[in-house]
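Every number in this text was worked out from the coordinates using simple rules, so none of it is lab data. Model, not experiment: these values are computed from the prediction. In this analysis, Cβ positions are derived from the backbone assuming ideal geometry, glycine residues included, and neighbour counts consider all displayed protein chains.
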Amino acid sequence: MHKSISIGVLSIATLLSADLKAQVQPDSVSTELNYQLQDIEVTSERVPLTFSVAPRLVTVMTKEDVSAATVQSINDLLEYVVGVDVRQRGEMGVQSDISVRGGTFDQITILLNGINISSPHTGHLSADFPISMDEIERVEVLE
C-alpha cells in the first residue's frame, strides 16, 4: 500500500511540474521585425532563336502549313511531326498523351502562348484546346 501511495504522489508531482513549465512567460520579448520593401519591375525582351544556336531539333509549322494539312484537331496535326506520338483515349479523344522520341507524356510541356496547358494533377493533356484550327499561327516542336 505504501508503494502505491508514493507512486501516485510522484505521478501527481510530475504532472504539476510539467504544467508549470508549459506556461508562457509574460515578460518574453517579441523579436519579429517588419520591413517595407521597394517595388521591383522586371522587364525582358524575346531573343530570336535561330536554328544554328538551337540546342535541339526544332520543327516549325506555319499558318500555311496548318491550313494545308487536312486535320480536324491539334492532336492530328502533331502526328505529322516526326518523332511525336499522340495517344488519345476517352470519348472523342478527350484525354491525350503526347510523347516525343520515346519519352513519356510527363516529360513534355505543352505551352499555349507561353502558358502551360497540361493538367497539373495528372500531367495528361486535355484534347479540348481553347482555340480553333483557324486561329493557329505557328506550332513549334522542340525535341
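For the range 58-142, what is the convex hull volume of the alpha-carbon atoms per residue, in Å³?
Here the figure is 95 Å³ per residue.
Under a point spin-label approximation (7 Å from Cα along Cα-to-Cβ), what is the residue 88-residue 56 distance to one decimal in nm?
2.4 nm
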